[in-house]
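K.L.:
The structure's right below; bear with me while I get my questions together.
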Amino acid sequence: MNRQALDAYAQGLDDAVLEAIDVGARSGVDKRLETLTEDYDDPDALRRLAGLLRQHTLDHLDGYLSQVEKRLIENGARVHFAATTDRALEIVLDIVRASGTRVVTKSKSMASEELDLARRLASEGFEPLETDLGEFVVQLDDDHPSHIVKPIIHKTRRDVARSFERNGLGDYNDDPETITRRARAFMRRKFLEARVTITGANFISAQSGRVALVTNEGNARFGLAGADVHIVLAGIEKVIPGDRDLALLLSLLIRSATGQRMTSYVELVAGPRSPTQPSGPREMHVILMDANRSSIVGGDMAPILRCIRCGACMNSCPVYRQSSGHAYRGVYPGPMGAVLGPLLADGGQDQLADLARASTLCGACGDVCPVDIPIPDLIARLRARSVKNQLTEAGHGVPPMGIYSFLARHPRLWRLVMRLGWIIDWIPLRRFPVPTARAWFDSRTLPRWRGGRFRRWFRRTERQRSRG
Amino acid sequence: MADDRALIFARLRESLERLDCRTPYPEFAADVATPPARRGNSRALFSQRLRAANTQVVESVSALAGLLEDRGVRCGYCDPVLAPRLSTALGPQIELLPTFDRSRIDDYRFGITRASAGIVETGTLVLKDRDTSDRLGAVAPWIHVACLDPRDLYSTLAEAITELDDDPNVILISGHSQTADVEGIMIHGVHGPGEQVCLFLNQEEDPETRP
């Protein structure tokens, strides 16, 4: 294999898809920056604070998890623990079967993607319905989301119109308003038909048991008005200490994800509906899923579990923007996915080890993370781990770095190469004798050689300084 | 389930034992994320923020009648506690249905329910389950009218969240339902209301209908 898997995938994408991803991701970057800088003198101070808060929670996860369980039970909810994704699926299926429903509505939940929940429910004879518009299109196309906030960032309106036409939702019409109205009309009765609705959780407060659900479309709200049974499926790391932490984390999550100050709906669900309320779930089940998370806490990769799924890291990532989320071959794309994907996958660390190389380590992902996850450091640690564990998959398509490594460890040789580096301007790199390097240069050029200038400037400046 | 629980806690404790020290809880003011420029608490400021968040502000029942007439809607759901007072002011041309019949979901062109509070910082309406006569009435119709006593305002999101009681379901509404999933183009009214309205009701006149 001459190319990295992610690079090879990107090479096969249509220009229209690449443009859609680039434009969609960049707009997220701009809106986030505008809102944060308009609102705060020092947004970085808030990011650091939120990072400490999330790290504190992870470092005390056993205690907070126990607290949230107790509180939810007091609130009238049933709490289930699932050590694996398979176990979580079994629990969901048991609850859905017991309800006697055929239709199940579902809000966007990345944890449910880990189970491939919609497909698994369909294969068991149920009619699961993704109610987030983007996820609905993904479901119609038997596709996968390519962004954790904007699931159809890789599709144009023409793709969506064709998909609606194919699935009997009206004649071809690529007007986004018409598409939205058709989805609205189709789903309204489904919300009432479904006895079970499934959501994820953005946060769960250990103090009150409140599950925070952040949406703009109102689909979670409609699901929670129409159904009799509510299933919350959440990773164990979604727990936070208390309600007072919610305001900080919601403020950062929403600004980082969509550039809004508040989304249209933030629902705080502590238990089944109140006795005086005629609509909404009488039963609430909360499934707290481990699926390898407990092996990450306490270790050097633990900061990745601070992630609050805002998508800012992928919006700002030059690699994601030119490759799409599907190139990451898992549930979680982009820089956070390159770290979390291999760690969560059952035995997948080997198969996904190349993702750590799919980064320029430019640092943009770390700079925008609302919970201050040092993503570039974690990526570098994963690279080191793959070398230490001799994971050959990690190096597929990566040009050998032995010569660079040798030179970097020998300062005299390095200085000599700096002087002679101009030769590279005259070498036809596309005919370089190393296949992986040749593949790399197929779509890239190097700027003209400028090596050594810094050293010369530094030497000169030091000399002048010492002369006084 | 019990086995899974025991397994998860055992794994967690084993993993956490690796830590030399655990990160302490960082001390911070609850409203640390309230932007300095968005502090303050007044009805005027709240109205301004509601409008900025795509919520229409209606100061009187007669103005609401005008809005409904303008939209050409005549039939909708209304909280049964509010209905007697509003029906007189809205006039006989507007039919207020005090129950939400699921089989007639498309007949409810608007829904009128009570809001428990407002949040000035974000222009947000707070709907608590115990104050909401029917969740469906607040989410299914194209127009949702939340009736709010303007004295029930929190200045910040943090204040509102930390002062919540034990209500099992609280929804914070900031504007109408919307999506930008298709090519980033903003469209309103996906599943929830395409128009969100806040009606200020001065409850001193009629304490029985205090939201």
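K.L.:
Name every residue in the range A:226-242 that is open to solvent by less than 10 Å² (accessible area, probe 1.4 Å), over 22 Å from the mean Cα position of the chain (by Cα) and facing chain B (nearest Cβ under 9 Å), in order of residue number.
P.N.:
Scanning the range A:226-242 gives A:G226, A:G242.
K.L.:
Still on this structure: Is it true that B:T23 is open to solvent by less than 20 Å² (accessible area, probe 1.4 Å), at pLDDT 95 or above, within 14 Å of chain A (Cβ to nearest Cβ) and part of a loop (DSSP other than H, G, I, E, B)?
P.N.:
Answer is no for this residue.
K.L.:
Quick check on my filter: what residues within the range A:243-276 are farther than 27 Å from A:A25 by Cβ, surrounded by 21 or more Cβ atoms within 10 Å (Cβ to Cβ) and at the interface with chain B (Cβ under 7 Å from one of its Cβ atoms)?
P.N.:
Within the range A:243-276, A:D243, A:L246, A:A247, A:E267, A:L268, A:V269, A:A270, A:G271, A:P272, A:R273 meet the criteria.
K.L.:
Among the residues of the range A:272-288, are any closer than 29 Å to A:C365 by Cα and either modelled with pLDDT of 95 or more or not charged (D, E, K, R) (or both)?
P.N.:
yes
K.L.:
Identify, by number, the condition in (1) open to solvent by less than 10 Å² (accessible area, probe 1.4 Å); (2) farther than 26 Å from A:M262 by Cβ that B:F46 doesn't meet.
P.N.:
All conditions are met except number (2).
K.L.:
I'd like the full set of residues that are free of Cβ contacts under 8 Å to residues at least 60 places away in the same chain and under 14 Å from the mean Cα position of the chain (by Cα), limited to the range B:100-118.
P.N.:
Of everything in the range B:100-118, those that are free of Cβ contacts under 8 Å to residues at least 60 places away in the same chain and under 14 Å from the mean Cα position of the chain (by Cα) turn out to be B:T113, B:A117.
K.L.:
Name the single residue that is farthest from the other protein chains (Cβ to nearest Cβ) among those in the range A:41-93 being of a type in the set (V, I, T) and touching an Asp or Glu at 6+ places or on another chain (Cβ under 6 Å).
P.N.:
A:T85
K.L.:
Take A:L246 and tell me if it is part of a helix (DSSP H, G or I) and either touching a residue at least 12 places away in the same chain (Cβ under 8 Å) or within 25 Å of B:V170 (Cβ to Cβ) (or both).
P.N.:
yes
K.L.:
While we're on this one: Residues to consider are A:P333, A:P342; find the one that is open to solvent by less than 10 Å² (accessible area, probe 1.4 Å), on the phi < 0 side of the Ramachandran plot and touching a Phe, Trp or Tyr at 6+ places or on another chain (Cβ under 9 Å).
P.N.:
The unique qualifying residue is A:P333.
K.L.:
Can I ask one more? Please work out if A:C317 is touching a residue at least 24 places away in the same chain (Cβ under 8 Å), more than 13 Å from chain B (Cβ to nearest Cβ), open to solvent by 10 Å² or more (accessible area, probe 1.4 Å) and farther than 29 Å from A:V92 by Cα.
P.N.:
yes
K.L.:
Go through (1) in a strand (DSSP E or B); (2) within 16 Å of the chain's Cα centre (by Cα) one by one and return the number of the condition A:P303 breaks.
P.N.:
(1)
For every residue, the table says whether it meets (1) surrounded by fewer than 24 Cβ atoms within 10 Å (Cβ to Cβ); (2) outside any strand (DSSP E or B); (3) more than 8 Å from every other protein chain (Cβ to nearest Cβ).
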residue: B:L96; (1), (2), (3): yes, no, yes
residue: B:R104; (1), (2), (3): yes, yes, yes
residue: B:G111; (1), (2), (3): no, no, yes
residue: B:G118; (1), (2), (3): no, no, yes
residue: B:L125; (1), (2), (3): no, no, yes
residue: B:R130; (1), (2), (3): yes, yes, no
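K.L.:
Hey, another quick one. Provide a single number: the residues in the range A:423-439 that are in contact (Cβ under 8 Å) with a residue 60 or more places away in the chain and surrounded by 15 or more Cβ atoms within 10 Å (Cβ to Cβ).
P.N.:
Total satisfying the criteria: 3.
K.L.:
Going through the range A:122-132 one residue at a time, which ones are assigned to a loop (DSSP other than H, G, I, E, B) and open to solvent by 10 Å² or more (accessible area, probe 1.4 Å)?
P.N.:
If the condition is that a residue be assigned to a loop (DSSP other than H, G, I, E, B) and open to solvent by 10 Å² or more (accessible area, probe 1.4 Å), then A:E124, A:G125, A:F126, A:D132 are the ones that fit.
Residues checked against (1) more than 9 Å from chain A (Cβ to nearest Cβ); (2) closer than 30 Å to A:A82 by Cβ:
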residue	(1), (2)
B:R11	no, yes
B:R18	no, yes
B:F28	no, no
B:G40	yes, no
B:R43	yes, no
B:G72	yes, no
B:P84	yes, no
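K.L.:
Looking at B:I143 and the list (1) touching a residue at least 60 places away in the same chain (Cβ under 8 Å); (2) closer than 20 Å to A:F222 by Cα; (3) within 9 Å of chain A (Cβ to nearest Cβ); (4) touching a Lys or Arg at 6+ places or on another chain (Cβ under 8 Å), which single condition is not satisfied?
P.N.:
(3)
K.L.:
Inside the range A:94-141, can you point out the residues that are among the aliphatic types (A, V, I, L, M), free of Cβ contacts under 8 Å to residues at least 60 places away in the same chain, within 14 Å of chain B (Cβ to nearest Cβ) and more than 23 Å from A:G337 (Cβ to Cβ)?
P.N.:
Residue satisfying the conditions is A:L140 alone.
K.L.:
Another question, if that's okay. Working carefully through the options A:I198, A:I179, find the one that is at pLDDT 95 or above, in contact with a Gly (Cβ under 9 Å, 6 or more places away or on another chain) and over 24 Å from A:M262 (Cα atoms).
P.N.:
A:I179
Listed here are the residues, each with its yes/no results for (1) modelled with pLDDT of 95 or more; (2) surrounded by 24 or more Cβ atoms within 10 Å (Cβ to Cβ).
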{"residue": "A:C313", "(1), (2)": "yes, yes"}
{"residue": "A:G348", "(1), (2)": "no, no"}
{"residue": "A:L355", "(1), (2)": "no, yes"}
{"residue": "A:C365", "(1), (2)": "yes, yes"}
{"residue": "A:N389", "(1), (2)": "no, no"}
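K.L.:
So, B:A65, is that one more than 9 Å from chain A (Cβ to nearest Cβ) and either under 18 Å from the mean Cα position of the chain (by Cα) or open to solvent by less than 40 Å² (accessible area, probe 1.4 Å) (or both) or not?
P.N.:
Yes: the conditions hold for B:A65.
K.L.:
Can you find a residue that is away from chain B (no Cβ under 14 Å) and surrounded by fewer than 24 Cβ atoms within 10 Å (Cβ to Cβ) anywhere in the range A:283-291?
P.N.:
no
K.L.:
Going by the conditions given, is B:L50 more than 7 Å from chain A (Cβ to nearest Cβ), in contact with a Gly (Cβ under 6 Å, 6 or more places away or on another chain), assigned to a helix (DSSP H, G or I) and in contact (Cβ under 8 Å) with a residue 12 or more places away in the chain?
P.N.:
Spelling it out, B:L50 is indeed more than 7 Å from chain A (Cβ to nearest Cβ), in contact with a Gly (Cβ under 6 Å, 6 or more places away or on another chain), assigned to a helix (DSSP H, G or I) and in contact (Cβ under 8 Å) with a residue 12 or more places away in the chain.
K.L.:
Now for a different question. Within the range B:78-88, can you find the residues that are open to solvent by 10 Å² or more (accessible area, probe 1.4 Å), within 18 Å of B:A115 (Cβ to Cβ) and part of a helix (DSSP H, G or I)?
P.N.:
Residues satisfying the conditions are B:A83, B:R85.
K.L.:
Tell me which residues, restricted to the range A:88-121, are assigned to a helix (DSSP H, G or I) and open to solvent by 50 Å² or more (accessible area, probe 1.4 Å).
P.N.:
Listed by number, the residues that qualify are A:E90, A:D94, A:R97, A:A98, A:R119, A:R120.
K.L.:
List the residue pairs whose Cβ atoms are under 9 Å apart, where the first residue sits in the range A:227-242 and is more than 11 Å from A:I287 (Cβ to Cβ), the second is of a type in the set (K, R) and open to solvent by less than 10 Å² (accessible area, probe 1.4 Å), and the two are 6 or more positions apart or on different chains.
P.N.:
A:E237/A:R54; A:E237/A:R293; A:I240/A:R54
The values are calculated or read from the model by the stated rules, or taken from the named source; none is laboratory data. For clarity, every value in this text was computed on a predicted model and none was experimentally measured. All Cβ positions, even for glycine, are placed from backbone atoms using ideal geometry, and neighbour counts span all protein chains on display. Accessible surface is based on the protein model in full, side chains and every heavy atom, while ligands, DNA and RNA are left aside. Shrake-Rupley method; radii C 1.70, N 1.55, O 1.52, S 1.80 Å.
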